[in-house]
Amino acid sequence: MFGDILALILITKTKDAYYYPMGATKYTYINIGEVSTAKFNNGLYGYNVTDPVSYNYPASIISNYLYRGGLWIGANVNGGLVSAEFYNDELESDDNYINPVTGFRYIGPGKSAKDVYAVFKEASSVSPKLGVRVFERTLSWPNKPYNQFFIHEYWVMFDPSLKDAAIPNSIDSVFIGVWFDADACAASTRPSFWYDNLVFFDGLYKKAIDEDPRYLSLNGYTTDDPLLEYLNGVNFGLEDKYTILGDNAILEPDGIPDGYIVWGDDPIERQISAKAGVDTTNLPTLPDGRKYIYLIPRGMSYIFYDARDKTVNEENIKRCPGFVFASFIWADPTINDSAFSANNIMPAGRIVRPHAHQWWNIETDPPSAGQANADMYYYMAGHIAKTEYYRFVPIPLDRNATQFDYRFLLTIGPYSVTYPDTIRFVLVTGVGYGLNGGNDNYYKGGAYILGARQLVEIAYRAFYLGTNCDPGHPDNCPPNPEQFPDNHYKVPIPPPSPSLRYSSQAGDVILVWDNRPEITPDYVTNELDFAGYAIYRTLFAPSFRMPTQNDRGSLLAISFKNGTPDSRKDSIVKSLYNLSLQQLRDLGVIIIDTLVRSFVDNTVSPGFPYFYAVSAFDFPTTDPLTYGLSQQSALDNYLKTSTGAPLPLYVGSEVSGDDWRDKVRVVPNPLKGSAPWSATKIAQEIEFQNLPSSARVDIFTLSGDHIITLYHNNPASGSLKWNLLTKNGFLVSPGVYIAKISDSKGNSKILRFMILR
């Protein structure tokens, strides 16, 4: 029963216990959007081993919301058979279908700005084998509102040449499952941050309630703690607290359960449905007069930060605002779908719905041998005693659970398969800013960031843009990972980011980039629609902010293609920033009326970690209703290490003469160890500036204990960095320290500085 899955015992395991050799498995980074991950060629959605990063928000911050996630394929064979043992490598790359250099079939622009196409099959260690081969194309975009999620297209082929002889040619009750061991998140201050999670499901529907009346008696978790306001009244998304829009959420009811998408209240959705043969002229209306076509339960599993630890919750809600989610937005028909008949408004159709949502914790993972396959299969079927036979398991709070390390499993099915058959589906995964979106004052300077609920709706739009169907009539546009181009994803795409290089010289920073955006056509419109470049700079971390009415944010300058009239410049700026060209000038942004591929920043200060990015933007398309207005590329071309970690640029100070004692300083002072730059895993450092060409720096505690001696001997720079390590290699503790700086003539200067955590 639930006692098995929720038992609170002394935690002795660590995440390190679950590292497995990757063998020949390969991965590639998807880091062009606001959420980044390492995508693997064996069915893993991400895996946080030494180098890869998984489901980071923001992409530039090493936050690792996903520890590991993968795909299960199960069938009703011999009491339940799943193509894996939990937490072993479920699948392996199919070498007959891949590029041996990359390990993938294709990586690059395609249906999206960056496609990652993998082909895999059951691992050689799996026995018995169902005989499946999986074709998976993962899509990603750099531009809002599509840059916080990934869309995955699938064919699951049942190949008789791959199956064991004991597997019958016809099998029933086949399920496809997606599991996430998500952690919210590595930017947390908790030492074991993976134990601060909650897991839930959004969008329960009437059929599930009718078959199990227990759902009607479940109460949402309530509290007087304002930090937990987002939990109040949560009950599978059936509550009505919000009016959830595509780009905002209003805290007032609209007559629609919050776990449901209102499809048709946006012009793009109306246009999509009109192409599917839906009459949009006489539609029913919501209580506030907005028209809609139908309601779609999101069918979304998600994990988010559990804020009940009063000692760290307020800071960690800011550090870990992400909700990691997964939702099936297209699938071959099942008995769980809602079918409806034709009427005078729309033709007959169906709405895709999942079969089950399950969760368990780190102490009750399915066993890795013996009963493993049966347990895993019945989790997929949503029929197992460990979760009281709930198909959609209530939130742990309703089962008297406390903070723990949870996983979720979301399944579709059941299907009946006769070899060789294929099951097709489309999955969206990502990280939303909370459930309903909000203003991120910690990483994004107060910018509004979309939530998980909004992102699922936008993923539906992305999939159906350009098709002759909509979410109520999905059968005319099945996914095809092999087909390119196709009629899905007519999403506005900005030019690619230019290749950027920058360096410090004589107290300035010089930036140079290439012309790739100028010669790359938009794959949606086939136009060379490049319009110019925007230059950004930020301190401490590569979290670039857009300008607002009162602040230029991270924007330094903007350069337009030669001959662009002021009226077009103004329309571009308005669509990019919701500001006028004159407002940018008033904020101090440099407006360059000719095209440039270099820029000199002479407004920097020595000793601080700077990051730069240059984006390319395009002209508005000829059909702004469908494709949107001007778009700019991802701000992803800042300097990085070989493993993809952000690499700051420090501008050194000049060498001082005999007056060095009047100029020498230490920066930053105080050093705040909890500042956002520490979340990027950039080494924390302080710097002594304006030193003479030869100097010695001795660092002491206030009580006089000697920490370390540093030597400076550089006739070209007056800067010397210290990485906060003692002479024995230990990180110093927070406190006040003394630095004695001496030159070769015996002159000295005493400085005090403070290190905070």
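The values are calculated or read from the model by the stated rules, or taken from the named source; none is laboratory data. Worth saying up front: this structure is predicted, and the values here are computed from it rather than measured. Ideal geometry is used to build each Cβ from the backbone, glycine not excepted, and the neighbour counts take in all protein chains shown. Note: areas computed on protein heavy atoms with side chains; ligands, DNA, RNA excluded. Shrake-Rupley method; radii C 1.70, N 1.55, O 1.52, S 1.80 Å.
Ratio of alpha-carbon Rg to the 2.2 N^0.38 Å globular estimate for the chain, to two decimals, please.
On the way: Rg = 27.7 Å, N = 757, 2.2 N^0.38 = 27.3 Å.
In units of the 2.2 N^0.38 Å rule of thumb, it is 1.01.
Please work out the C-alpha center-to-center distance from the range 527-561 to the range 373-425 and express it in whole Å.
45 Å
On C-alpha positions alone, give me the angle between the axis of helix 452-464 and the longest principal axis of the chain, in degrees, nearest 10.
70 degrees
With 5 Å bins from zero, work out the P(r) of the range 494-653 over every alpha carbon pair and list the percent per bin.
2, 9, 18, 22, 20, 15, 9, 4, 1, 0, 0
Once R0 is set to 30 Å, what does the formula 1/(1 + (r/R0)^6) return for the Cβ-Cβ distance between SER598 and LYS574, expressed as a FRET efficiency to the nearest 0.05?
Numbers: r = 27 Å, r/R0 = 0.90.
Computed FRET efficiency for SER598 and LYS574: 0.65.
Step through the table entries LYS111/LYS291; LYS291/LYS490; LYS291/LYS318; LYS444/LYS569, compare each Cα-Cα distance with 29 Å, and write down the pairs that go over it. Walk me through the numbers on the way to the answer.
Values: LYS111/LYS291 31 Å; LYS291/LYS490 24 Å; LYS291/LYS318 36 Å; LYS444/LYS569 25 Å.
Long pairs (Cα-Cα over 29 Å): LYS111/LYS291; LYS291/LYS318.
Considering Cα pairs under 8 angstrom that are at least six residues apart, work out the relative contact order of the range 123-184 and quote it in whole percent. Before the final figure, lay out the partial values.
Working: 57 pairs, mean separation 22.4, N = 62.
Answer for the range 123-184 is 36 percent.
To the nearest 10 Å², what's ARG270's accessible area with a 1.4 Å probe?
60 Å²
Quickly estimate the mean residue ellipticity at 222 nm for the chain, helices only: each DSSP H run with n ≥ 4 gives -39500 (n - 2.57), and the total goes over all residues, rounded to 500.
On the way: 10 runs with 77 residues, N = 757.
Result for the chain, helices only: -2500 deg cm²/dmol.
What do you get for Rg/Rh over the range 514-595 if you use C-alpha atoms and the Kirkwood form of Rh?
Working: Rg = 13.5 Å, Rh = 13.7 Å.
In the range 514-595, Rg relative to Rh is 0.99.
Work out how much length ASP658 to GLU363 would gain on full extension: take 0.36 nm times their residue separation and subtract the Cα-Cα distance, in nm to one decimal. Let's see the in-between values first.
On the way: separation 295, 0.36 × 295 = 106.20 nm, distance 6.56 nm.
That works out to 99.6 nm of additional length.
Long-range amide H contacts for ASP332: which residues qualify at under 5 Å (H placed 1.01 Å from N, peptide plane, sequence gap of 5 or more or a different chain)?
Residues meeting the amide H criterion: ARG424.
For MET346, what accessible area in Å² do you get when you roll a 1.4 Å probe over the heavy atoms of the protein chains, rounding to the nearest 10?
Its heavy atoms expose roughly 20 Å² to the probe.
Take GLU482, GLU122 and sort them by solvent-accessible surface of the protein heavy atoms, 1.4 Å probe, largest at the top.
Numbers: GLU482 80, GLU122 10 Å².
Reading off the accessible areas and sorting them downward yields GLU482, GLU122.
What list of ³J(HN,Hα) couplings, whole Hz, do you get for the range 712-721 from phi and the Karplus terms 6.51, -1.76, 1.60, once you set θ to phi - 60° and write x for glycine and proline?
10, 8, 8, x, 9, 9, x, 10, 9, 9
Below 14 Å, Cα to Cα, which aspartates and glutamates can LYS163 reach? Residues fewer than 8 away in the same chain don't count.
Excluding near neighbours in sequence, the set is GLU122, ASP421.
May I ask you to list the lysines whose Cα is less than 26 Å away from that of LYS727, ignoring any residue fewer than eight positions away on the same chain?
LYS672, LYS681, LYS740, LYS745, LYS749
From the phi angles alone, apply the Karplus equation (6.51, -1.76, 1.60; θ = phi - 60°) to the range 561-574 and give each ³J(HN,Hα) in whole Hz, x where the residue is Gly or Pro.
Coupling constants for the range 561-574: 4, 3, x, 6, x, 4, 5, 6, 4, 5, 5, 5, 4, 5 Hz.
Can you list the residues, at least 5 places off or on another chain, whose amide H is less than 5 Å from the amide H of LEU465, using H built in the peptide plane?
TYR489, LYS490
With an 8 Å cut-off on Cα pairs and a minimum separation of 6 or more residues, tell me the relative contact order of the chain in percent. List each step's numbers first, then the result.
Numbers: 1840 pairs, mean separation 88.4, N = 757.
It rounds to 12 percent for the chain.
Just for the chain, what percent of DSSP beta bridges are antiparallel, to the closest 5? Spell out each step's value before the answer.
Details: 152 of 158 bridges.
Beta bridges within the chain, antiparallel portion: roughly 95 percent.
Please provide three numbers in whole Å: the alpha-carbon extents of the range 234-285 along the principal axes, with the largest listed first.
Principal extents (largest minus smallest coordinate, Cα): 36, 19, 17 Å.
Which FRET efficiency, nearest 0.05, do ASP159 and ASP475 yield, Cβ-Cβ r, R0 25 Å? It would help to have the intermediate numbers written out before the result.
Values: r = 24 Å, r/R0 = 0.98.
It comes to 0.55.
Once amide H atoms are placed 1.01 Å from N in the peptide plane, what residues at a sequence separation of 5 or more from GLY237, or on another chain, have their amide H within under 5 Å of its amide H?
Counting only residues 5 or more places away or on other chains, the set is GLY203.
For THR281, THR334, give me the order by solvent-accessible area with a 1.4 Å probe, most accessible first, ignoring ligands, DNA and RNA.
Details: THR281 85, THR334 25 Å².
From most accessible down to least: THR281, THR334.
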